[in-house]
Amino acid sequence: MDRIMVYTARRIHTMDPGRPMARAIAVADGRIVSLGTLDSMAPWLRRVPHDIDDRFADDILMPGFIDPHTHLRMSGTFMGLQYIGPIPSHGPQGPVAGLADRDAVLSRLRTLVEEQNDPASPIITWGYDPGMQGGHLDRDMLDRISDRVPLWVLSYAPHIVYTNTPMLERIGVEADTTAHGIGRYPDGRLNGWFIESRAVGQATRPVRTEVYRTGFGHQALLRQSKVAVANGITTVADLAWGFESFENEWDDHAKAVNEPSFPLRMLLIPFDARLVAKFGDDRFDYLATIWAQGTDKLAAHGVKFINDGSYPSMTLRLNFPGYLDGEEGLTGETPWPDMVDRMLPYWQQGIQIHSHANGDETVDMTLDTLAELQLRHPRFDHRFTIEHYCISTVAQGRRLAALGGLASVNPYFVHYRALIHADSGFGPDRAEATARLGTLQQAGVTFALHSDFNLVVGPMAPLTAAWVAVNRIAADDETVMAPGERISVASALRAVTIDAAFVLRRDHEIGSLEVGKLADLAILGGDPFEVEPRALRDVAVKGTIVGGVPHLAASCP
């Protein structure tokens with residue numbers, strides 16, 4: 001330790017219950033040396049040369065926020081496609097306004113067809129949201145736009161591709177094709193839908209070159225890292241490693257994190273279906289080689305299973321009484337009866353399992369699977385995590401606790417989508433009780449809050465996630481959704497710091513400010529523990545400190 005840097009602050013919240021507050025933090029070699037006051041750390045400062053940095057003396061410091069479920073690289077895929085979503089975003093030519101409803105989307109597609117010089121060249125778009133824009137698209141609708149130009153529309157939550165007849169022909173799907181995720185009308189005709197990862201992958205093959213453009217991944221990581229800094233985030237996990245290419249995705253992340261100014265730690269969680277398809281029985285050997293390459297900036301972690309569809313795309317699986325309009329949703333690629341055998345090899349090797357389950361029927365299946373895994377091969381501290389955990393019951397929360405499982409929950413839907421889905425998809429009861437955090441807390445389940453950014457309509461903003469969890473105010477900024485599911489400010493902030501670190505099995509390194517841990521902090525202009533709960537999302541974020549190095553948000557001096 002050649003030199004110590006000391007940062008002072010108006011207040012430092014450590015998230016360490018034994019030593020919750022400090023006024024100064026001493027850092028060396030990227031790790032925390034001491035916390036307290038300049039006087040309390042004097043034994044260190046007398047022995048080691050040091051500098052004192054007072055630039056944050058009027059600010060609040062706390063552990064860097066952790067978003068344990070993101071898709072930052074994949075976002076670069078979409079930014080180069082024609083955007084037709086409901087909120088403002090970016091397309092190939094820069095900022096793009098949102099489209100209010102399905103009619104506006106169809107009109108935009110018609111304009112794109114009219115502007116198309118080559119009728120053989122497909123029109124590739126993304127961002128459609130059936131919940132916010134008035135229902136699903138289908139083949140007949142798109143054929144009325146054009147029965148010559150191939151149309152390919154990816155939903156905002158990329159669980160559905162909608163196509164017209166020319167695109168179906170290009171994909172190679174015929175009337176007698178039988179495959180998981182190929183949609184049909186009630187009369188049996190192909191309806192142009194490709195639902196969930198296997199079918200979406202099949203639909204993407206003819207447009208792969210256009211979708212996965214050279215260099216998009218690295219640029220996306222650089223761009224989204226700025227979003228992270230502006231929201232106080234110092235660690236993220238990507239929950240779909242391998243969706244395009246294990247090698248390309250790892251290389252893009254390695255290139256990004258090795259740039260000295262890159263302000264994020266990143267974990268890549270492999271998608272089991274892609275692991276099995278590419279490596280088969282050799283997948284554990286491949287993972288071992290990647291684990292050996294891990295650093296404190298980039299590492300592989302766990303394994304991901306996708307077991308049903310999406311909340312915003314309305315493709316998840318529900319128990320009785322099901323969807324308002326009789327839809328059924330879809331399971332993931334792995335048949336549910338095969339789930340235990342598919343997960344067991346990872347379980348036996350001590351690999352943490354992250355199991356995507358949005359609907360309560362899927363949560364039941366996931367809990368049954370966890371119970372069977374424990375019977376076949378009992379484990380302590382397995383940290384089996386249900387991802388999203390959107391629609392659930394009180395009994396399921398208690399059973400998850402009894403089985404020793406965790407939850408990584410998307411709370412944003414309570415604010416951004418619950419009113420929409422009360423009358424579109426799930427019905428008023430399930431929409432109101434989306435993201436049952438109070439129930440999880442009462443049951444004793446450790447949980448994290450995540451964004452799924454940017455595969456759903458919502459921000460990557462942990463203070464907003466905490467605000468939703470604490471207040472549960474709907475998009476009308478008035479209605480309180482299931483008030484009994486609200487949690488305290490302290491609990492919500494734990495869910496984006498130390499409890500999120502626990503879910504990622506990194507709580508020994510990040511998530512709280514303790515001696516020896518990595519020096520990762522969020523820099524805030526106000527104190528989230530002192531503002532009114534309804535003002536939590538308004539606390540200014542000035543930037544982050546990662547490994548002891550400050551990164552200021554672009555809007556801050």
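The values are calculated or read from the model by the stated rules, or taken from the named source; none is laboratory data. Worth saying up front: this structure is predicted, and the values here are computed from it rather than measured. With ideal geometry, Cβ positions are generated from the backbone for all residues, glycine too; neighbour counts draw on all protein chains shown.
Structure data summary
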read-out	value
Count of residues meeting criterion [among the aliphatic types (A, V, I, L, M) and either under 26 Å from the mean Cα position of the chain (by Cα) or assigned to a strand (DSSP E or B) (or both)] in region 106-128	2
Selected residue (criterion: farthest from the chain's Cα centre (by Cα)) from residues of region 347-381 that are in a helix (DSSP H, G or I) and of a type in the set (D, E, K, R)	R376
Identity of the residue in region 159-218, among the polar types (S, T, N, Q) and either at pLDDT 95 or above or touching a Gly at 6+ places or on another chain (Cβ under 9 Å) (or both), that ends up nearest to M141 (Cα to Cα)	N164
Residue match in region 402-413 (condition: of a type in the set (F, W, Y), in contact with a Ser or Thr (Cβ under 7 Å, 6 or more places away or on another chain), under 29 Å from I182 (Cα atoms) and in the same structural domain as S310 (by TED's automatic domain parsing))	yes
Lone unmet requirement of (1) crowded, with 16+ Cβ neighbours inside 10 Å; (2) at pLDDT below 95 for A228	(2)
Enumerated strands (runs of 3 or more DSSP E) restricted to region 147-256, each holding at least 2 residues that are touching a residue at least 40 places away in the same chain (Cβ under 8 Å)	151-155, 160-163, 190-195, 233-241
Test result for L330, touching an Asp or Glu at 6+ places or on another chain (Cβ under 6 Å) and under 27 Å from L137 (Cα atoms)	yes
Qualifying residue in region 407-420 (condition: surrounded by fewer than 22 Cβ atoms within 10 Å (Cβ to Cβ) and among the small types (G, A, S))	no
Failed condition for F426, given (1) in a helix (DSSP H, G or I); (2) closer than 25 Å to W467 by Cβ; (3) not aliphatic (A, V, I, L, M)	(1)
Test: residue in region 269-288 that is surrounded by fewer than 19 Cβ atoms within 10 Å (Cβ to Cβ), under 29 Å from G547 (Cβ atoms) and aliphatic (A, V, I, L, M)	yes
Counted residues, region 138-154 - those being touching a helix residue (DSSP H, G or I) at 6+ places or on another chain (Cβ under 7 Å) and under 25 Å from I306 (Cα atoms)	1
Sole exception among (1) in a loop (DSSP other than H, G, I, E, B); (2) aliphatic (A, V, I, L, M); (3) farther than 30 Å from D499 by Cβ for A57, by number	(3)
H13, sole failed condition from (1) over 33 Å from the mean Cα position of the chain (by Cα); (2) surrounded by 14 or more Cβ atoms within 10 Å (Cβ to Cβ)	(1)
Whichever residue in region 333-346 is part of a loop (DSSP other than H, G, I, E, B) and either hydrophobic (A, V, I, L, M, F, W, C) or in contact with a helix residue (DSSP H, G or I) (Cβ under 6 Å, 6 or more places away or on another chain) (or both) and, among such residues, is surrounded by the fewest Cβ atoms within 10 Å (Cβ to Cβ)	T334
Test: residue in region 242-250 that is surrounded by 14 or more Cβ atoms within 10 Å (Cβ to Cβ), out of contact with any strand residue (DSSP E or B) (no Cβ under 8 Å at 6 or more places or on another chain) and of a type in the set (D, E, K, R)	yes
Some residue of region 462-473 being touching a helix residue (DSSP H, G or I) at 6+ places or on another chain (Cβ under 6 Å), part of a loop (DSSP other than H, G, I, E, B) and at negative phi	no
Filter pass, V515 being assigned to a loop (DSSP other than H, G, I, E, B), of a type outside the set (D, E) and over 18 Å from I25 (Cβ atoms)	no
Residues located in region 105-129, provided they are out of contact with any helix residue (DSSP H, G or I) (no Cβ under 8 Å at 6 or more places or on another chain) and of a type outside the set (K, R)	S107, T111, L112, E114, E115, Q116, N117, D118, P119, A120, S121, D129
Whichever residue in region 16-41 is out of contact with any Phe, Trp or Tyr (no Cβ under 9 Å at 6 or more places or on another chain) and among the polar types (S, T, N, Q) and, among such residues, is surrounded by the fewest Cβ atoms within 10 Å (Cβ to Cβ)	T37
